[in-house]
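Q: Have a look at the structure that comes next, please.
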Amino acid sequence: MDDLSLLLPISTYYALYAFPSIIYNIAGTPHPITNVMIHHIINLTLPDWRQLQPYVFAAGLLAVLLLLSLVALLYLRHRLNQRTNALRHSESRYRTLVENATEGILVIAGAEGRIVFANPMAAEILGQPLVTLEGLSVANLIHPEDREPVMARYSARLQGENPPPRYILRVITARGATRWLLLHAERINWEDQPAVLVMFSDITERQEAEFYVNEKLRQMAALRAIDTAIINHTEMTTVLTTILREARTAIPMDAAALWLLDPEEQHLNLVVAEGFQHLKPQFRRSLSQDPWAREVITTRRAFQHLKLDVHALPSEIQNLFQMEDFQAYLAAPLVAHGEIYGLFELFYRSPLENPPDWLSFFENLSTQTAVAVEHVRWFQALQDANRRLTQAYEATIEGWAAALELRDGSLSGHSRRVAEWSVSLAKALGLEGETLSHIWYGALLHDIGKMGIPDAILQKEDDLTPEEWDLMKRHPEYALRFLEGVEFLRPALDIPYYHHERWDGSGYPKGLREEQIPLAARIFAVVDVWDALRTPRVYRPAWDDHTIAEYLRRESGRLFDPYIVSKFLSLLENQGYITRSQWSKN
């Protein structure tokens, strides 16, 4: 029998009989069964029971304690097995979650930022074999432009600081591709050392979609700004400068130039250039000596060199490209409605790997630029035509005025003089713009209505009869009939129709008074009397300037607008015709 098999019956014996006997003896009451059993054992095996009794009691107590310890040990072993199984299950679930996570997970430790743990999704997103990630410095994976700020955040977090936990960065895969990551970082303890737990997801598609949308918005904004420039500006350099400035916001470029074609001379003339650091293009280029420009103009197609060999460039442009270190070049013709107007060039100081995504936009922008050039030239042509038409109108008006003056030699030059004085006085009163043009035309034609008055009345040296005077006073109505059908001259009718109205209402044809009389007519009334009195007539000599000034001052408030008379006299004084002391006396 082994020790355990002997221990069990002895322990049972002491537990069932010896221990109860101890209790009974303490209580002073004999245990009958125990006493019998003890007596029997003493008689059989132990000659002196009293000597052994203390040892027997101690052995019994020890057996009870051993039994209790055994039970406790078995219970603890059972609980330990439960906890171990639970821990193994939890670890299994944790590993399953980490290995199947849809986000990349890294643990980075040490001053150099080395990866000490990576899950499979991290390897997939980073484009690196999983076995090579552990031990690799994370700085080697980060895009060069993002590396410094990202590693600064890592160091700060490792030292217990709290930089923003979420941010976006770029990484470079093993194949050289760029990926955008949305990252969340937290400081943890890893094997009793501070480390950073990083969880990240690939947002490359989202970023590229956002870049695409933003690029299109920039392009639309550029086109909108160009449309606005076309509408609001008519000067060629201003429009093309605006186009080039907007193009630089929508298209990546280092330098650009816009040229206009002289089709007769077969030259390109530079209008605007930006981005050149050392040597600007020449202001004039001959197509016969520039094969690249000639190709674009003759084929009317975009031209591109994404990787230039400077030594193979045409000699005419080689110096420019060498000085500016240009390594790529694009050009597009300015073509609209079948006409070619010039050339749009882009320059780059680094090669372009592939035809750029915005190439079609550049071609559309070149077409829009051609439309702008066409618009400006059309507008300039329209302005020229309008200027010639206006000159023709003015020549016609002056011809009418001259024809009228031929009927009365004493009035030679009167219409032009009163027109000039009227415009000068109107400016002194603060008038400007088209209003001055209407005053000019109205003054030239102020007596156009006299074309309807017979020569016998118009050139009569004696006083007019009442009937003749009534007929003479109808010449403003004749002027209205002559001019109201001419839309161009309709705004100028105030002077021919109302210039005989008087401030006190005593004039004709309507008997208007004070400010009921149009301003242009009030201005002209003062000027007309000034020039008429300075001109000799068959029935009176010319008045001197100071006498006329005194007359105007005296009739101010009765025949003439007082404010306008005051302004006119100040104008005469400023020009040296009169002095204030002579016309300001009461």
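Q: Using alpha carbons only, how many angstrom separate the centre of the range 414-447 from the centre of the range 131-198?
A: 79 Å
Q: A further question follows. By how many nm would the segment from Ser315 to Arg377 lengthen if fully extended, with 0.36 nm per residue of separation less the alpha-carbon distance?
A: Numbers: separation 62, 0.36 × 62 = 22.32 nm, distance 3.36 nm.
Using 0.36 nm per residue and subtracting the Cα-Cα distance, I get 19.0 nm.
Q: If the only charges are +1 at each Lys and Arg Cβ and -1 at each Asp and Glu Cβ, what is the size of the charge dipole of the chain around the Cα centre, to the nearest 20 debye?
A: With Lys and Arg at +1 and Asp and Glu at -1, about 2040 debye.
Q: So, with +1 on the Cβ of K and R and -1 on the Cβ of D and E, and no other charges, what is the size of the charge dipole of the range 337-454 about its Cα centre, to the nearest 20 debye? Provide the component values of the computation, followed by the final result.
A: Numbers: 9 positive and 15 negative charges, 123 e Å.
Here the size comes out at about 600 debye.
Q: Would you grab the residues whose amide H sits under 5 Å from the one on Phe560? Only those 5+ places off in sequence or on another chain, please, with H modelled 1.01 Å from N.
A: Residues meeting the criterion, in which the H sits 1.01 Å from N, are Trp503.
Q: Taking the dipole about the Cα centre of the chain, with the C-beta of Lys and Arg at +1 and of Asp and Glu at -1, give me whichever of Ala492, Leu445, Gly160 is farthest to the positive side.
A: It is Gly160, whose Cα lies furthest towards the positive end.
Q: Would you mind computing, in nm to one decimal, how far apart the modelled labels at Asp192 and Gln266 are, each placed 7 Å from Cα along Cα→Cβ?
A: Once both label points are built, they end up 8.8 nm from each other.
Q: Would you compute the Debye intensity of the range 361-494 from its alpha-carbon atoms alone, equal scatterers and no solvent, and pass along log10 I(q)/I(0) at q = 0.10, 0.11 Å⁻¹ to two decimals?
A: Debye intensities relative to I(0), on a log10 scale: -0.48, -0.55.
Q: Could you derive backbone 3J(HN,Hα) for the range 547-554 from the dihedral phi with the Karplus parameters 6.51, -1.76 and 1.60 (θ = phi - 60°), listing whole Hz in sequence and x where the residue is Gly or Pro?
A: 5, 5, 4, 5, 4, 4, 5, 5
Q: Among (1) 146, 48, 36; (2) 85, 58, 48; (3) 191, 77, 44, only one was calculated for this model; which label is it, if the read-out is Cα extents along the principal axes in Å?
A: (3)
Q: Out of residues 5 or more away from Ala336 or on other chains, whose amide H comes under 5 Å of its own, with H placed 1.01 Å from N in the peptide plane?
A: When sequence neighbours closer than 5 places are left aside, the close amide H contacts are Tyr341.
Q: Counting pairs of alpha carbon atoms under 8 Å apart in space and at least six apart in sequence, what relative contact order in percent does the chain give? Intermediate results must be reported in sequence, preceding the final value.
A: Working: 783 pairs, mean separation 34.7, N = 586.
The value is 6 percent.
Q: Can you tell me the dipole magnitude for the range 155-241 around its Cα centre, using point charges on the Cβ only (Lys, Arg +1; Asp, Glu -1), in Debye to the nearest 20?
A: 100 debye
Q: Still on this structure, please answer the following. Show me the ranking of peptides 116-125, 495-504, 286-295 by mean Cβ neighbours inside 10 Å, starting with the highest.
A: 495-504, 116-125, 286-295
Q: Figure the gain on full extension for Ala456 and Phe488 (residue separation times 0.36 nm, minus the Cα-Cα span) and round it to one decimal in nm.
A: Going from the current span to full extension adds 8.3 nm.
Q: Across every pair of different alpha-carbon atoms, what Kirkwood hydrodynamic radius in Å does the range 202-324 reach?
A: 16.9 Å
Q: Express the carbon and sulfur contribution to the solvent-accessible surface of the range 232-316 as a percent, rounded to the nearest whole number, probe 1.4 angstrom.
A: On the way: 2140 of 4650 Å².
That share works out to 46 percent.
Q: Of Val131, Gln391, Ala336, which is farthest towards the positive pole of the chain's charge dipole, taken about the Cα centre with +1 and -1 on the beta-carbons of Lys, Arg and Asp, Glu respectively?
A: Going by the Cα projections, it comes out as Val131.
Q: If you don't mind, another one. Keeping all protein chains in place, calculate the accessible area per residue for the chain (probe 1.4 angstrom), answer in Å².
A: Solvent-accessible surface per residue comes out at 57 Å².
Q: Let me ask something else about it. Does the range 323-429 classify as rounded, prolate or oblate by the C-alpha gyration tensor (a ≥ b ≥ c root eigenvalues; a/c under 1.5 gives rounded; else a/b over b/c gives prolate, otherwise oblate)?
A: Numbers: a/c = 5.70, a/b = 3.60, b/c = 1.58.
Note, shape of the range 323-429 comes out prolate.
Q: Angle check, please: helix 562-574 long axis (alpha carbons) against the longest principal axis of the chain (alpha carbons), in degrees 0 to 90, nearest 10.
A: Helix 562-574 and the main axis of the chain meet at about 80 degrees.
Q: Pulled fully out, how much extra length does the chain show between Glu434 and Glu210, if you take 0.36 nm times their separation in residues and subtract their Cα-Cα distance?
A: Stretched out fully, the Glu434 to Glu210 stretch lengthens by 75.5 nm.
Q: Additional query: How far apart, in nm, are the 7 Å Cα→Cβ label points at Asn574 and Glu353?
A: Calculated label separation equals 7.0 nm.
Q: Then there is this: Which is farthest toward the positive dipole end of the chain among Leu572, Phe211, Phe524, measuring Cα position about the Cα centre, with Cβ charges +1 (Lys, Arg) and -1 (Asp, Glu)?
A: Phe211
Q: While we're here: Going highest first, how would you order 539-547, 518-526, 449-457 by mean Cβ packing within 10 Å?
A: Ranked from most to least packed, the peptides come out as 518-526, 449-457, 539-547.
Q: Residue-wise, which Karplus ³J(HN,Hα) couplings in Hz belong to the range 345-351, taking 6.51 cos²θ - 1.76 cosθ + 1.60, θ = phi - 60°, and x for glycine or proline?
A: Result, rounded to whole Hz: 10, 10, 10, 9, 9, 9, x.
Q: Now for a separate question. If DNA, RNA and ligands are ignored and the probe is 1.4 Å, what is the ranking of His446, His278, His143 by accessible area, most exposed first?
A: His278, His143, His446
Q: Further question on the same structure: Convert each backbone phi in the range 161-166 into a coupling constant with the Karplus relation 6.51 cos²θ - 1.76 cosθ + 1.60 (shift: θ = phi - 60°), then list the ³J(HN,Hα) values in order as whole Hz, x for Gly and Pro.
A: So the Karplus estimates, Gly and Pro as x, are 6, 10, x, x, x, 10 Hz.
Q: So, one more: Using the alpha-carbon atoms, what tilt in degrees (0 to 90, nearest 10) does helix 359-406 show relative to the longest principal axis of the chain?
A: The angle comes out at about 20 degrees.
Q: Same structure again: Could you state how much accessible area Arg153 has, in square angstrom rounded to the nearest 10, with a 1.4 Å probe and all protein chains kept in place?
A: Using a 1.4 Å probe on the heavy atoms, I get roughly 70 Å².
Q: So who's got an amide H within less than 5 Å of the one on Ile578, skipping anything under 5 residues away but keeping other chains? H placed 1.01 Å off N, in plane.
A: Glu573
Q: Checking the a/c ratio against 1.5 first, then a/b against b/c, what shape does the Cα gyration tensor give for the range 466-586?
A: It comes out prolate by the Cα gyration axes.
The values are calculated or read from the model by the stated rules, or taken from the named source; none is laboratory data. All figures in this text were calculated on a predicted structure; none of them were measured in a lab. No Cβ is skipped: glycine too gets one built from the backbone with ideal geometry, and neighbour counts run over all protein chains shown. We work out accessible area using only protein heavy atoms, side chains counted, and drop any ligands, DNA or RNA first. Shrake-Rupley method; radii C 1.70, N 1.55, O 1.52, S 1.80 Å.
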